[in-house]
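Single-structure report; data block below.
The values are calculated or read from the model by the stated rules, or taken from the named source; none is laboratory data. As the structure is a prediction and not an experimental result, all values here were calculated from the model. Backbone-built Cβ (ideal geometry, glycine too); neighbour counts: all protein chains shown. SASA here: full protein model, heavy atoms, side chains in, ligands and nucleic acids out. Shrake-Rupley method; radii C 1.70, N 1.55, O 1.52, S 1.80 Å.
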Amino acid sequence: MNSSPAAGSLANSLRHLRWLRQQIPTSALALLLLLMFGCSLTDGIGILMLVPLLSLLQDATAPASGIAGGLFRVFARIGLPPDAGSLLLVFVGLMLLRGGLQLQRELQSSQQQQELVDRLRQRCFAGLLHARWRWLSGRRLSDFSNLLISDINRVGQGLYFGFGLLATLSLMLAYLAVALVLSPQLTLLALGSGGALLLGMRRQRWKSVVFGRSVSDANARFHGLVSDSLQGLRIARILGAEQRYLDDLAGSMGQIRKQQYQFMQTSRRSQMILQVGGAALLAAYLYAGLRLWATPTAELLTLVLVFSRLLPQFSQAQQQYQHWLHALAALDATRQLLADCAAAAEPPAPASTQTRTLQEGIELRAVSLHYAERPHPALDRVSAFFPANTTTAIVGHSGAGKSTLADLLTGLLEADSGEMRVDGQPIHGESRRAWQRQVAYVPQDNFLFHDSIRNNLLLARPDASEAELRLALEQAAADFVFQLPQGLDTPVGDRGQQLSGGERQRLALSRALLGRPALLILDEATSALDHASEAHIRRSLENLHGKLTLILIGHRMATLRHADFTLCVEKGTIRPLNPGEAEKRKVSDPE
């Protein structure tokens, strides 16, 4: 039962290693591997030099044969006397060189880890920004937040342990090379017994993979809970549900801590097994060297040192591999998101930013659009025409398809069948991306960054001048900004909470107008406002009437009464609203 999971984790590791190799610059990886090799080589040579040093301690005469004799002959060629002073001087020099190489290796490893995390975060965020809206809107945003913040950070930690594992394996190979030179029999014994010990711990490594997946799931749930709870703080206070929020948070954190503790428990158990097993094996090696193969004392003592340093490296390699396996779930999630975003990517937007004006109008020809999770189409063979520089009101019950129609007109969605035309030209692919730049959209619940009014407006046009900002504010009846002590530099607070609902909507309208759109869509933009705030918006729309193409989606007839055309959306279809129906709606308007 365990061999298959272990083989699967190894294959998964190799697949991810190949992928990560492509994410790291070749020059940086080559430098890192060279530093690892340098550290291992200097350490191995330094240990090997203990043999002649111990031989000199037994006999002051420099040996002429064996490993010690060979090293002294090398010394003679480079002009060093064959004595203990020369050995110690070279040994200290090697250790200094090794220390410098090890420092550079750690710095390079840390740098590559951080740069990889930054690159992956940028790639994932760019993928989300350019993904099709239909795919994106069906996902939970907190899952993306969890991946960008937690999972990719775990990928970086996994890479760090992966680099550490490579360095440990390199050092182990150097130790084994030294051991092979000193005693091939003992080295083969160490390889066989150490390999058997590591093979017996494959179940612990497989548990690391399982716990890694569990931690990813627990983190995703925690981020979702935190996101929902923060957005619902006001409701929690009103309903007196603070304790329930705290209990849910404590339960979610408890799940994360449980998974982390189980992984730590597995990791520490592995470490204990390797320490106890390593001590027993070291004793067995010493006994075999003394009794079975009569290894010379100097070489045997050096072998004991080599094996005493090699066995902890086995333990460290096991720990590093388990941490690497623990991070594989996060790496899986990251690669899956990148693949999903690539599959759902919009066509590239054209480079041209030329402003377009509507000359004739927007036409929908038998447009249909389905959502996979709904049994009925959101739009069913809809045909309509929106003349340029007119105002069209769209009314209908909640869920009738009004917002889907708005997303279609903005270019966020593309129809499954039928087509949309602007001034007679089909809108699809790159032309749809270009059309998106000519459309402004103001929803009911507008988003403002926790920043100044100025920077929130400049999101639409970063190059807008002070005069253009003032004009956009005046057009949207948002000149209240000039009465504020800090004016355009006034902070709006988180999601604009320092402003009233009406002020936020007028700023959102200002931002939309600053982009000089060919089409402006207001989707239920006044439904949650008081009458005074709605009156400000209504005056703005009256001033804009006939100057650009307006589409007003809502149910407040006071806002819609100046529309040139009124359409009714019912169960995904559109029909004109006749005068009698419009009059009834005006009478029933709560205003």
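Out of curiosity, is Thr392 at pLDDT 85 or above, of a type in the set (S, T, N, Q), buried (at least 17 other Cβ atoms within 10 Å of the Cβ) and in a helix (DSSP H, G or I)? No: the conditions fail for Thr392. The set of residues from the range 435-445 being open to solvent by 50 Å² or more (accessible area, probe 1.4 Å) and among the aromatic types (Phe, Trp, Tyr) comprises just one member, Tyr441. On the stretch given as the range 420-443, residues that are over 26 Å from Glu534 (Cβ atoms) and either assigned to a helix (DSSP H, G or I) or of a type in the set (Gly, Ala, Ser) (or both) total 9. Close Cβ contacts (under 8 Å, 6 or more residues apart or on different chains) running from residues in the range 444-469 that are assigned to a loop (DSSP other than H, G, I, E, B) to residues that are open to solvent by 70 Å² or more (accessible area, probe 1.4 Å) and among the polar types (S, T, N, Q) comprise Phe449/Asn455.
Arg105 - would you say it is part of a helix (DSSP H, G or I) and in contact with a Ser or Thr (Cβ under 7 Å, 6 or more places away or on another chain)? It is false that Arg105 is part of a helix (DSSP H, G or I) and in contact with a Ser or Thr (Cβ under 7 Å, 6 or more places away or on another chain). In the range 397-415, the count of residues that are assigned to a strand (DSSP E or B), open to solvent by less than 20 Å² (accessible area, probe 1.4 Å) and at pLDDT 90 or above is zero. Evaluation of His323 against the conditions (1) touching a Ser or Thr at 6+ places or on another chain (Cβ under 8 Å); (2) within 30 Å of Glu570 (Cβ to Cβ) shows that the sole unmet condition is (2).
Would you mind stating whether Arg121 is in contact with a helix residue (DSSP H, G or I) (Cβ under 7 Å, 6 or more places away or on another chain) and either farther than 22 Å from His16 by Cα or touching a residue at least 40 places away in the same chain (Cβ under 8 Å) (or both)? No: the conditions fail for Arg121.
Scanning the range 21-52 for residues that are crowded, with 19+ Cβ neighbours inside 10 Å, over 19 Å from Leu97 (Cα atoms) and aliphatic (A, V, I, L, M) yields one hit, Val51.
For the range 99-144, taking the residues that are at pLDDT below 85 and of a type in the set (Gly, Ala, Ser), the one that is farthest from Glu430 (Cα to Cα) is identified as Ser142. Would you be able to say whether some residue in the range 174-195 is within 27 Å of Met253 (Cα to Cα) and either modelled with pLDDT under 80 or open to solvent by 30 Å² or more (accessible area, probe 1.4 Å) (or both)? No, there is no match, as no residue in the range 174-195 is within 27 Å of Met253 (Cα to Cα) and either modelled with pLDDT under 80 or open to solvent by 30 Å² or more (accessible area, probe 1.4 Å) (or both).
Out of Leu473, Leu484, Leu448, one residue alone is over 33 Å from the mean Cα position of the chain (by Cα), open to solvent by less than 30 Å² (accessible area, probe 1.4 Å) and not aromatic (Phe, Trp, Tyr). It is Leu473. Is it the case that Ala512 is open to solvent by less than 70 Å² (accessible area, probe 1.4 Å), of a type in the set (Gly, Ala, Ser) and without any contact (Cβ under 8 Å) to a residue 12 or more places away in the chain? So Ala512 does not fit the description; no. Somewhere in the range 554-570, is a residue modelled with pLDDT of 70 or more, open to solvent by less than 60 Å² (accessible area, probe 1.4 Å) and over 24 Å from Leu408 (Cβ atoms)? No, because not a single residue in the range 554-570 is modelled with pLDDT of 70 or more, open to solvent by less than 60 Å² (accessible area, probe 1.4 Å) and over 24 Å from Leu408 (Cβ atoms).
For the range 451-470, how many residues meet the condition of being open to solvent by less than 60 Å² (accessible area, probe 1.4 Å) and under 32 Å from the mean Cα position of the chain (by Cα)? Qualifying residue count, the range 451-470: 8.
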